[in-house]
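A short write-up of the structure that comes next.
Any read-out appearing in this document is the output of simple, stated calculations on the displayed coordinates, not a laboratory observation. Given the structure is predicted, the values throughout are model-derived calculations rather than measurements. Every residue, glycine as well, gets a Cβ built from its backbone with ideal geometry; the counts of neighbours run over all protein chains shown.
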Amino acid sequence: MTTPALLPLSGRRIPTLSPEALRLGLGGRADPAHRTREGRQAQPGHHTWSRRTRRAPTQAGGREPARQDPCGPRASAAGGQGEAAQVQGGAPRRDPDGEEQAGRDLKRRDGGPKPLPPVPLPKLLGINDGDPADPDVKEKRDKIREMMKHAWDSYRQYGWGHNELKPLAKKGHSTNIFGNSQMGATIVDALDTLFIMGLRDEFKDGQEWIEQNLDFGVNAEVSVFEVNIRFIGGLLAAYYLSGQEVFKVKAVQLAEKLLPAFNTPTGIPWAMVNLKSGVGRNWGWASAGSSILAEFGTLHMEFVHLTYLTGNPAYYQKVMHIRKLLAKMDRPNGLYPNYLNPRTGRWGQHHTSVGGLGDSFYEYLLKAWLMSDKTDTEARKTYDDAIEAIERHLIRKSRRPSHFHFRWKNGHLERKMGHLTCFAGGMFALGADGSPEDKAGHYLQLGAEIAHTCHESYDRTVLKLGPEAFKFDSGLEAVAVRQNEKYYILRPEVIETYWYMWRFTHDPKYRQWGWEAAQAIDKYCRVSGGFSGVKDVYSSNPTYDDVQQSFFLAETLKYLYLLFSSDDLLPLESWVFNTEAHPLPVLHMANITLPGSEPQR
Ligand code: DMJ
């Protein structure tokens, strides 16, 4: 396989703020008399919170800038594409209803007014319809949108308000990660996908449900990680894309409910917290009462945005405390074990993985750096060091080129790879630019090889859908052996990697592979009541698991849609996707001092 060319990221730098943007407050308070907490005089364009007032600079008249709304009338050719579509180019507009509703909501839930401070929005580039020029590509994209509509309409009809849908039984589905609640996980997870696809009525429907029904005072024991990536990530992305205040308000209300999970002797959060009582605990199956690396290590992006939007330093401090604690610990062979006891601060079993239990910890180190406009060099260095250890100890190519192993259990390397691990192809490609010793080509190549391996795992099945885990053993290559590893539950990771590889290389095979997967999903997972996972991808007559996972709408269909859109829809220079595919804007940290942080200049 040849090394694909890396499309330059650095050639498309985000322009510095125009005087007009500064006047509107987009880059910070232009008032020369404004003083920071440290008593320094603020630079124009440098946004520093005052701890006392928690006021932040905002646009003239206290208004935030509007996004270009793909749910609204289609953008004009001049205004709809690329940098022409950037926020500061459009007429400032804000839906007053959203703001009033948010205010009403705060009063209703908290018994008193508690307005969030106005915040200058980061630059929101590339919120447009991303229409592809090629009619064939457009046709494929239209098909993906139709699939989204089928998934949403089915949930709307049979599972509305429940967390997920049982598409065969045609009723709501409840999963233990959200306790016994009915928090509309599918609605929150799907919102930004609906927005990006221009499904306006559906988006409004979801918004209305959230305004009227989404309540976090419920007696439910939820996963801190899942609630963070799906609910907080989903609400924040919906807020940034649509400008509707209600999403920000709800995200903050929910985040406050998660904070008691951090009340442990070490500050490493419990895996679960009861939203009503604030009591936390860990999963019974986790080694020695441990918290899980991929769970407590996948909070950073959302929590930094929460501090940015609220002025409350608590969120930022919680995640930075985790980072500092990890930095001080011994790591066997430079690897991070998946289990850490929140009472003792000691590692549990020495299992390491780039798949389940470990995966998004590594992803968030890289994305913390990207989201800080590459100023968080500590995060980048930690990522680089971790990846180096992973390459040294966990990645082995099998006899045939391009096959990998990613798990290490007490010194034993497992000749196995999980579907979850397939996200790593996209991560390596995303981290290629900026890698040490100019290893960009190497990491892009690694991303391409993982994409190839994961495609093989799909291609070697009857349904052309990937199994949950596959082995490289006794002559087997990328094939599941155990019956309980042959299922496909509408997961996104392989398509996610295709999309990143497409963005960085424009090699047409990634669109072709994505289209193969989309067709297989439509053929084998579609039922009249939505989409279902299947129990055996090697059987020509598969049975269904009867669950339409919320991440199918949040991630799988979004990545497919983006794969067949033009690159100026949510460009990777301006947006960082959380691990549930919710896009959050890059924060230009050279111009911002978050409360609770040291100046990062
Ligand atoms: C999603 O919720 C997220 O991608 C998470 O990081 C891992 N698992 C699922 C999808 O498979």
Net lengthening on full extension, SER597/GLU573 (0.36 nm per residue, minus Cα-Cα): 6.3 nm
Taking amide hydrogens as modeled 1.01 Å from N in the peptide plane, which residues meet the under 5 Å criterion relative to ASP545, leaving out close sequence neighbours? GLY533, VAL534, LYS535
Please order CYS525, CYS422 by the number of other Cβ within 10 Å, starting at the fewest. CYS525, CYS422
A chain fully extended from VAL481 to SER174 at 0.36 nm per residue, minus the present Cα-Cα distance, gains in nm 107.6 nm
Amide H of ILE592 versus every other amide H placed in the peptide plane: which residues, excluding those fewer than 5 positions away on the same chain, fall under 5 Å? HIS47
If I stretch the segment between LYS324 and GLN519 completely, what's the gain in nm (0.36 nm per residue apart, minus their alpha carbon distance), one decimal? 65.7 nm
Computed about the Cα centre, the charge dipole of the stretch 344-503 from +1 Lys/Arg and -1 Asp/Glu charges at the Cβ has a magnitude in debye, to the nearest 20, of 660 debye
Using alpha-carbon positions, the gyration tensor of the stretch 454-601 gives root eigenvalues a ≥ b ≥ c; with a/c under 1.5 called rounded, otherwise prolate if a/b exceeds b/c, else oblate, the class is prolate
Kindly put GLU302, GLU555, GLU146, GLU378 in sequence by how many other C-beta atoms sit within 10 Å of each C-beta, fewest to most. GLU146, GLU378, GLU555, GLU302
Rounded to the nearest 0.05, what FRET efficiency do VAL279 and ASP473 give with R0 = 51 Å and r taken as the Cβ-Cβ distance? Could you check? 0.70
Which whole-Hz ³J(HN,Hα) couplings does the stretch 592-597 yield from phi under the Karplus relation 6.51 cos²θ - 1.76 cosθ + 1.60, θ = phi - 60°, glycine and proline marked x? 9, 10, 6, x, x, 10
Given H placed on each backbone N at 1.01 Å, which residues far from THR344 in sequence or on other chains put an amide H within less than 5 Å of it? none
With each label point set 7 Å from Cα along the Cα-Cβ vector, what nm distance links ASP205 and LYS381? 5.1 nm
